[in-house]
Structures are given as structure tokens and as C-alpha cells.
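What follows is one structure encoded as C-alpha cells, with my remarks underneath.
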Amino acid sequence: MTDSTTTDTSKTLAENSSRSMTIEGRPLILARHAGEQFLYSNLCPHAAETLDPLGGNLSNESGDLLRCQRHGAEFLTRTGECVAGPCLGERLEAVPFTAVGDDIYLD
Ligand code: FES
């Protein structure tokens, strides 16, 4: 267990899906792929805007990509690297966290 400060007690995230959440006032994107969870700042490097103005799931069908709803930038779920779109080569900011059951704690 880390020096966690905040938890989000929301429902379990389905495999190959993602959703936004706010912890300590920080807008975040939580994604699940290949049995792992990934947490990123919900801020697209292209235009410093949230990735999900329409809300809902940003993951593609196989869960390996996250797609920004604004201009279609695609990010590797595992690393946050932009692999297509207007911010090619940039990346989402990874946020260190610990998952305990369905709870997410910022490290
Ligand atoms: S704001 Fe994300 S692709 Fe433009």
C-alpha cells in the first residue's frame, strides 16, 4: 500500500474500455486493457482540452488505443503515446496510482 490520498469508489471498469473520473479535482482517464489498468491526465496534448467532451468510452474495440473525441488523436493505452493524429509523438501524462479492488488511489 502506498501513501494514497484519495479514492474513487466507482464501478468496476470493463476490459478494453475507459472512462473519465475526477480525483482531488484532477480530471483523469482510467483505462483497462489486457487485465491491467492505466491512469492518465484527461488532457489531450494537441489542444490542452479534455479528451472526452462527449463523455463515455474512449477505447477502441481491442482496447489497445484511446481516441480523443475532439480531433481523433489516437494514443497507445499502455504508454499514452500518440500514434496518430495532430499530436503524433507526444503523449498523455501518466498518473501514478494504486488500485485496491475497485478503488483507485493516487500515489
Ligand atoms: S484536442 Fe485531442 S486531438 Fe485535438
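Looking at residue 107, is it at pLDDT below 95 and over 18 Å from residue 12 (Cα atoms)? When the stated conditions are applied, residue 107 passes them. Name the residue, out of 13, 28, that is modelled with pLDDT of 95 or more and aliphatic (A, V, I, L, M). 28 is the lone residue from the list that is modelled with pLDDT of 95 or more and aliphatic (A, V, I, L, M). Report, by residue number, each residue of segment 38-57 that is in contact with a strand residue (DSSP E or B) (Cβ under 8 Å, 6 or more places away or on another chain), away from the ligand (no atom under 11 Å from the Cβ) and modelled with pLDDT of 95 or more. Selection gives 38, 39, 40, 41, 57.
Filtering segment 14-69 to residues that are under 21 Å from residue 86 (Cα atoms), part of a loop (DSSP other than H, G, I, E, B) and among the acidic types (Asp, Glu) leaves 52, 64. If only residues of segment 58-98 that are of a type in the set (Gly, Ala, Ser) and exposed (fewer than 15 other Cβ atoms within 10 Å of the Cβ) are counted, the one that is nearest to the ligand (Cβ to nearest atom) is 72.
The values are calculated or read from the model by the stated rules, or taken from the named source; none is laboratory data. Just so we're clear, the structure is a prediction, and the values are computed from it rather than from any experiment. All Cβ positions, glycine included, derive from the backbone under ideal geometry; neighbour counts span all protein chains shown.
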